[in-house]
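Engineer: I'd like to ask some things about the structure below.
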Amino acid sequence: MIYMDKIVILGGKNLKGVVEISGSKNAVLPIMACALLAEGQYHLKSVPHLRDVRTMVKLLNSIGLTVQFNENEVHIESGHVAHYEAPYDLVKTMRASIYVLGPMLSRFGEAKVSLPGGCAWGPRPVNLHIQGLEQLGAKITIENGYIHAKAKRLKGARILFNMPSVGATGNLLMAAVLAKGTTVLENAAQEPEITALAEFLVQMGARIDGIGTSHLEIEGVDSLRPASTAIIPDRIEAGTFLAVGHIVGGDILIKNVIPDHVSKITEKLIEAGAEITEDSDQIHIKSNGVSKPVDIATAVFPGFPTDMQAQWMALMSTAKGSSVITENIYLDRFTHVAELQRLGADIRLDHNVALVKGVKNLNGAPVMSTDLRASASLIMAGLIAKGRTDISRVYHIDRGYEQIEAKLKNLGAEIWREKEPLVT
Ligand code: EPU
């Protein structure tokens, strides 16, 4: 018999106390891929213990790097590379594996990375990564489900993204730093994780102007050196705990957060009636658990993050009135809707727009987690639902939230993990 973890919550507890935010998943993944760019030793601190990070460790190991991951620290010894390939088995479990494409190609002149394919909420193409690398002079073919890229040495070019993509900006940055000449990335992503990546590359000896803006200029260098850093706090984990604080009517001090990275979320929470005070690296949220209805529309940074849309929907499901949630980044990212409805939420979906009518209360039920952020929204709903909520397939949550039950339990939630047999 195969068993899987499920999370069980007995709703209705008030949460109080302090929670410490972990390092950012989406920042550490591309930074680890940077180790492909230069030989030597890398040391990363504040690395969250997450399934995606372990997948990146496996991927770099399989390429031939020596990677050790203990106690929130990653040590990488980058020397001999066995082959230039990211296999389907790993890429299919983590789309961010595509981050090895740019650095591997620019350093070794060749890279073969499995095409990630779609995901639960849509196709999630990688055309911008491929087109950008082609503009830098790579010859790219798609063979047997793999992207096969070759280039003796990449050449700088002006690349205008038709939409800002976090992944394509990261990949192109890691490719351009070793290209010959100047690369300009226009309409680049400005997410804090991209800024963290660019700053790490600069520490490695890269020359990048315009960091933190949508216009990045990279002057290629002949070689780079290894570097070390501490990973920035995870803004989506922080945003999730802020939303938890409001939905349960809690009193929570969130430590290790960069308030500017979550300013759109705190702005919306204040509109929704939460009391928020900020310090340089912590945010205090206090709430009476009554949320006003507040519309959101997801957008690129500094707009409202798509990675918080599902959690906002959970919050609005018991708000005092109706709200409209518009998803502009991934138009199909709504697998949580049917599960929230099982808990009693009143949500009507029309394409990428959800109308959420706040109900008096949610009722516990068995539900299924369908993706990482959907799982977080179900946990939020379970925390206020009457009775018991069983959330199955929580391996999704382990991709992106470090010790979420322990952190919630520490705040007073009644939450635990159980094994359940996998029925296929
Ligand atoms: N897009 C294309 N072509 C491409 C690349 C992207 O059309 O080649 C489109 C996407 O379909 C989407 C938009 O561009 O409509 C933005 O996608 P982006 O490339 O920015 O997303 P990503 O790099 O694949 C990262 C995060 C996601 C987060 C998005 C948006 C990582 C590892 N993943 O994905 O995080 O939702 O940016 O902010 O950084 C999560 O953590 O739960 C998660 C899914």
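Engineer: Can you tell me which of 248, 244, 257 is buried (at least 18 other Cβ atoms within 10 Å of the Cβ) and either closer than 28 Å to residue 208 by Cβ or not assigned by TED's automatic domain parsing to the domain that holds residue 397 (or both)? Walk me through it before giving the result.
Structural biologist: Working: 248 fails: either closer than 28 Å to residue 208 by Cβ or not assigned by TED's automatic domain parsing to the domain that holds residue 397 (or both); 244 fails: either closer than 28 Å to residue 208 by Cβ or not assigned by TED's automatic domain parsing to the domain that holds residue 397 (or both).
Just a single option satisfies the conditions, and that option is 257.
Engineer: Let me ask something additional. Any idea which residue in the range 94-130 is farthest from residue 179 (Cα to Cα), counting only those that are crowded, with 17+ Cβ neighbours inside 10 Å and polar (S, T, N, Q)?
Structural biologist: Among those that are crowded, with 17+ Cβ neighbours inside 10 Å and polar (S, T, N, Q), it is 114.
Engineer: Got a sec? Which of 343, 411 is in the same structural domain as residue 290 (by TED's automatic domain parsing) and in contact (Cβ under 8 Å) with a residue 60 or more places away in the chain? Talk me through it step by step, then tell me what you get.
Structural biologist: Numbers: 343 fails: in contact (Cβ under 8 Å) with a residue 60 or more places away in the chain.
Within the list 343, 411, the selection yields 411.
Engineer: Checking residue 394 against (1) surrounded by 17 or more Cβ atoms within 10 Å (Cβ to Cβ); (2) at pLDDT 95 or above, only one condition comes out false. Which one?
Structural biologist: If we test residue 394 against (1) surrounded by 17 or more Cβ atoms within 10 Å (Cβ to Cβ); (2) at pLDDT 95 or above, just (2) comes out false.
Engineer: Could you tell me how many of the residues in the range 365-424 are out of contact with any Pro (no Cβ under 6 Å at 6 or more places or on another chain), over 22 Å from residue 249 (Cβ atoms) and of a type in the set (Asp, Glu)?
Structural biologist: Of the residues in the range 365-424, 4 are out of contact with any Pro (no Cβ under 6 Å at 6 or more places or on another chain), over 22 Å from residue 249 (Cβ atoms) and of a type in the set (Asp, Glu).
Engineer: Then there is this: Out of all the residues in the range 91-104, is one or more more than 24 Å from residue 28 (Cβ to Cβ) and in contact (Cβ under 8 Å) with a residue 24 or more places away in the chain? Spell out how you get there, then give the answer.
Structural biologist: Kept after step one, since they are more than 24 Å from residue 28 (Cβ to Cβ), are these residues of the range 91-104: none.
No: zero hits.
The values are calculated or read from the model by the stated rules, or taken from the named source; none is laboratory data. Nothing here was measured: the structure is a model prediction, and the numbers come from that model. Neighbour counts run over all protein chains shown; Cβ positions are idealised from the backbone, glycine included.
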